Amino acid sequence: MEKLLQYLGNTNYFKNFIDAYKQNEELKIVNTNDNVSILLLTHLFNNSDEDMILVTPNLYKAQKLFDSFSEILDSEFLSFFPQDEFITTEMLAMSTEFKLERINTIRKIIEKKKSIIITNTTGLIKYLIPKSKWETAILRLGIGDVVDIKTLPETLVSYGYRREVTVEKQ
């Protein structure tokens, strides 16, 4: 894949695209197919020091785009921020998998790990708590740490966890 990106990176089209990007010009990818667009965006990402956010019209297309990028990009550089599109779905049975994906994406943002973030329109416009609140809510526990067994549950409950006798799911 690297050789293909290198070859394409030497074409005039890719060179002009990178130059336009560096000059903050408006970029449009037209008259191409999804695969060429993905290669172009991967090349742009590899030649930039910035994160990239890609927004699709719906969750299905976001998942397909994420799957396509997963085939050519290392997972450490790829983040998925899926958001259920229907309020009833969100209220009744929000996907645990989606929650974990969003939390992992937010963690990468906080840790300033360069990545391509793929989301759908609902994921882009949904209100989130400020980044500073996420940062102050980080609790790191390591081997050998001493933890106050009385305050730890209170802290976890304040972060949104529930007290349970037995954990049934991960």
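By the rule of a C-alpha distance below 14 Å, with chain neighbours fewer than 8 residues away ignored, the aspartates and glutamates paired with K99 are D84, E85, E90.
Cα gyration tensor of the stretch 31-125, axes a ≥ b ≥ c as square roots of the eigenvalues: rounded (a/c below 1.5), prolate (a/b > b/c) or oblate? Oblate is the answer for the stretch 31-125, as a/c is 1.5 or above yet b/c matches or exceeds a/b. Shown in residue order for the stretch 133-146 are the 3J(HN,Hα) couplings computed by the Karplus curve 6.51 cos²θ - 1.76 cosθ + 1.60 at θ = phi - 60°: 5, 4, 4, 6, 8, 6, 10, 9, 10, x, 4, x, 5, 9 Hz (x for Gly and Pro). Remark on T56: its backbone amide H falls under 5 Å from those of T119, N120, T121, a criterion applied only to residues 5 or more positions apart or on other chains, H modelled at 1.01 Å from N.
Applied to the stretch 37-53, the Karplus parametrisation 6.51 cos²θ - 1.76 cosθ + 1.60 on θ = phi - 60° returns per-residue 3J(HN,Hα) values of 4, 5, 5, 5, 5, 5, 4, 4, 4, 5, 9, 9, 9, 10, 5, 9, 10 Hz, with x for Gly and Pro. Computed from the Cβ-Cβ distance with R0 of 25 Å, the FRET efficiency linking I72 to N31 stands at 0.70.
L139 sits among other residues whose Cβ lies under 14 Å from its own Cβ, and their net charge, with Lys and Arg +1 and Asp and Glu -1, is -1. To the nearest ten degrees, helix 59-70 and the longest principal axis of the Cα atoms of the chain are 70 degrees apart. Simple point charges give the picture: +1 on the Cβ of Lys and Arg, -1 on the Cβ of Asp and Glu, and for the stretch 1-159 a dipole about the Cα centre of about 180 debye.
Between T166 and K15, the distance separating the two model label sites (each 7 Å from Cα on the Cα→Cβ line) works out to 6.7 nm. Considering only W134, N33, L78, the residue lying farthest towards the positive end of the dipole of the chain is W134, judged by Cα position with unit charges set on Cβ. In summary, the lysines within cross-link reach of K3, defined as a Cα separation below 20 angstrom excluding same-chain residues under 8 places away, comprise K15. Let me test this: with uniform point scatterers at the alpha carbons of the chain, what is the Debye-based log₁₀ I(q)/I(0) at q = 0.10, 0.12, 0.14 1/Å? Results for the chain at q = 0.10, 0.12, 0.14 Å⁻¹ read -0.52, -0.70, -0.89.
None of the figures in this text is laboratory data; all of them are computed from the coordinates on show. Since this is a predicted model, take the numbers as computed values, not measurements. Reconstructed Cβ throughout: ideal geometry from the backbone, glycine too, with neighbour counts over all protein chains shown.
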